[in-house]
Amino acid sequence: MKSRELDICKATIRKLELDLSDLTVCTECASGPYAYTPVMALMAGAKKVLSVGRSTSYGTFEENSEKIKALCTAAGLDAGKISFIEKSQLHSDHLQEVNILTNSGMLRPVKEEVIRSLPSFAVIPLMWETWEFRSSDLDLPACQKNGIPVIGTNESFPAINMFGYNAFIVMKLLFDLGIEGHNNKVVLLGGGKSGYGAFAGLKNTSIDVLWYTHDGEKGSKTYAELSGLLDQDHVDAIINFEHEHPINVFDGSFGLSFSALAKRFPSIAYGHICGNVDPAALKQSGIHHLPEKILPFGYMSYATENIGPRPVFELCAMGLKVGELAARKRLQNTGIEETIRYTVDAGIGMDFPGGFLNYTA
């Protein structure tokens, strides 16, 4: 059993001062780095952990459960404090004492019947920022109706700053595409925190970065100027990191298409982290691209776990910290708005635009 992953988990818990003592956490039973979330909850002193999952192409429920038990043993933890529950078998009796229910992959979609079964003092940390919220993942109106606060995680929280990883995600994808990372010309698509985080890191390298965003933010070019790419002497790769605007910039509306790129730059590579594209048009163009499976807009086709487990552990631990702060407030009968504001004032929580109780997706 590798110890580096467990060491990272322990260090992250210390850094965030995560303390889940006397709290019950319901999170996922998953594979890869996501298997460590219930382990981290125990490391942080959780009274009890519900680990909910199902069998997928990444591993069976039984395999994932055994992996988590083995991790607990390696960490000197009591795996008996974890109840492993297949999602199809999750019912109201399991949820009656839950303080924190994480918006994690194996638990999604979190439907109204689950939300109705939670106690009034329960909270749901999104595990990422509120602008990334997808209504298909969580029944937010049911949370509002039942008084269960949903709180985002500020990924810019100084102790971690998740956006510092974005340039390295791009670099890893470039390497996977066979691009050297030195003396290259690379087009970066996408703004906001995600795109700017990538650009801010890449501009300190020897890569010639041509940055395009929807609105031309922070000195970038706009998508309306994309046709100008065809006037470049060469382009090694295009990296799509558009996480905010569901615009297909390759559909011809900006004078650019995959077929036009392939004709002008026959050796160009395309890396898809996120963004709205037509996978069929990309494949038909013959452009070398990664990953093979392109996910729909709002999902990351090439995510942080590709550079190592640390960012996954840190983001999950940050979500648990948001849950810890909010759960303790709710146990004191603190109101929903005041509870959310407490996490925001601590720097790690994030409210929805206009406030959780007023937000409509």
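The values are calculated or read from the model by the stated rules, or taken from the named source; none is laboratory data. These numbers were taken from a predicted model, which means no experiment stands behind them. As a convention, Cβ positions derive from the backbone with ideal geometry for all residues, glycine included, and neighbour counts pool all protein chains shown. Heads up: the accessible areas ignore ligands, DNA and RNA and are worked out on the full protein's heavy atoms, side chains in. Shrake-Rupley method; radii C 1.70, N 1.55, O 1.52, S 1.80 Å.
Brief remarks follow.
- Flag for GLY191 being open to solvent by 10 Å² or more (accessible area, probe 1.4 Å), in contact with a strand residue (DSSP E or B) (Cβ under 6 Å, 6 or more places away or on another chain) and of a type outside the set (A, V, I, L, M, F, W, C): no
- Scanning region 345-359 for residues that are in contact (Cβ under 8 Å) with a residue 60 or more places away in the chain and open to solvent by 10 Å² or more (accessible area, probe 1.4 Å) turns up GLY347, MET350, ASP351, PRO353, LEU357, TYR359.
- Of the helices (runs of 4 or more DSSP H) entirely within region 72-167, those holding at least 2 residues that are over 30 Å from THR60 (Cα atoms) occupy 140-146.
- Residue in region 272-287 that is part of a strand (DSSP E or B), in contact (Cβ under 8 Å) with a residue 40 or more places away in the chain and within 20 Å of the chain's Cα centre (by Cα) present: yes
- Among (1) surrounded by fewer than 18 Cβ atoms within 10 Å (Cβ to Cβ); (2) over 21 Å from THR334 (Cβ atoms); (3) at pLDDT 95 or above; (4) more than 17 Å from the chain's Cα centre (by Cα) - the single one HIS91 does not satisfy: (3)
- Members of region 200-219 that are over 24 Å from the mean Cα position of the chain (by Cα) and part of a strand (DSSP E or B): ASP208, VAL209, LEU210
- LEU261 part of a helix (DSSP H, G or I), open to solvent by less than 10 Å² (accessible area, probe 1.4 Å) and not basic (Lys, Arg): yes
- Within region 304-326, the set of residues being open to solvent by 30 Å² or more (accessible area, probe 1.4 Å) and among the aliphatic types (A, V, I, L, M) comprises ILE307, LEU315.
- Cβ-Cβ under 7 Å pairs, at least 6 apart or on other chains, region 236-251 side closer than 12 Å to SER194 by Cα and assigned to a loop (DSSP other than H, G, I, E, B), far side of a type in the set (S, T, N, Q) and open to solvent by less than 20 Å² (accessible area, probe 1.4 Å): HIS243/SER194
- Residues in region 288-305 that are among the hydroxyl-bearing types (Ser, Thr, Tyr) and either in a strand (DSSP E or B) or closer than 22 Å to LEU261 by Cβ (or both): SER301, TYR302.
- Within region 27-40, residues that are under 17 Å from THR60 (Cβ atoms) and in contact (Cβ under 8 Å) with a residue 40 or more places away in the chain reach partners that are assigned to a helix (DSSP H, G or I) and of a type in the set (S, T, N, Q) with beta carbons closer than 7 Å, at six or more positions or on different chains, in the pairs GLU28/THR37; CYS29/ASN64; CYS29/SER65; ALA30/ASN64.
- For the residues GLU132, GLU97, the requirement of being open to solvent by less than 50 Å² (accessible area, probe 1.4 Å) and of a type in the set (Asp, Glu) singles out GLU132.
- All of (1) modelled with pLDDT of 95 or more; (2) at positive phi hold for LEU315 with one exception: (2).
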